[in-house]
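Computed from the coordinates by the stated procedures, all read-outs in this text should not be read as laboratory data. Keep in mind it's a predicted model, so treat the numbers as computed, not measured. Cβ placement follows ideal geometry from the backbone for every residue including glycine, while neighbour counts extend to all protein chains displayed.
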């Protein structure tokens, strides 16, 4: 079974990471890292505890502080289809852009960049400051894909879930993973 590393940080928008986890775990092994702030946001926004996520089928939870985890090594991460940070806080973006590893999420992102494993950062902040934009450009230049959590409306969404699925579908598109989460343009 193919693998994806999913990281949930403390930016608002935990629903994106949670929905990605639901969709990916149907067809992939998902290694999951949740930052300390990500745990708080999951609880605040979705009422979810980490124990509920680690019980999902095909999901392996890694401690954010464990830099000896297998996903900290390039020899292991090269076997993954990608690394996704959803949502990606501006703090995480800044650490990745600067090559500073304060936790396993930062380390895994650095490894993804150096090993050319697709790295997708679903940034969730607005408006952007110049520092945010410069950090996005730095990670883009290093090989990451920056995806703003900006849903489209051409599929005429009627529910919040449809807006979330559009953004999640765009992440899956960037990983070249087939899905039917939203209607494509003129489909």
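Which length gain, in nm to one decimal place, applies between residue 134 and residue 73 when the Cα-Cα distance is subtracted from 0.36 nm times their residue separation? It would help to have the intermediate numbers written out before the result.
Numbers: separation 61, 0.36 × 61 = 21.96 nm, distance 2.75 nm.
19.2 nm is the gain from fully extending residue 134 to residue 73.
Report the far tail of the P(r) of region 1-87, meaning the percent of Cα-Cα pairs longer than 19 Å.
Values: 1215 of 3741 pairs.
When all Cα pairs of region 1-87 are counted, 32 percent exceed 19 Å.
Residues of region 157-184 with amide nitrogen under 15 Å from the 7 Å Cα-to-Cβ point of residue 81?
Flagged as within label range: 168-181.
How much length is gained if the chain between residue 173 and residue 27 is pulled fully straight, taking 0.36 nm per residue apart and subtracting their Cα-Cα distance, in nm to one decimal?
Using 0.36 nm per residue and subtracting the Cα-Cα distance, I get 51.1 nm.
Determine the gain in length on full extension of the stretch residue 180-residue 36; use 0.36 nm per residue of separation and subtract their C-alpha separation, reporting nm with one decimal.
Working: separation 144, 0.36 × 144 = 51.84 nm, distance 3.20 nm.
Value of the extension gain: 48.6 nm.
Calculate for the chain the 222 nm mean residue ellipticity that helices alone would give, adding -39,500 (n - 2.57) per DSSP H run of length 4 or more and normalising by residue count, nearest 500 deg cm²/dmol.
Numbers: 8 runs with 75 residues, N = 187.
Taking each H run of at least 4 residues, the total per residue is -11500 deg cm²/dmol.
How many angstrom lie between the C-alpha centres of region 1-44 and region 125-187?
16 Å
How large is log10 of I(q)/I(0) for region 3-174 at q = 0.13 Å⁻¹ when the intensity is taken from the Debye formula with one equal scatterer per alpha-carbon?
Results for region 3-174 at q = 0.13 Å⁻¹ read -0.57.
Calculate, axis by axis, the spread of Cα positions in region 109-187 along the three principal axes, and write the results as whole Å, longest axis first.
Result for region 109-187: principal-axis Cα extents of 38, 29, 19 Å.
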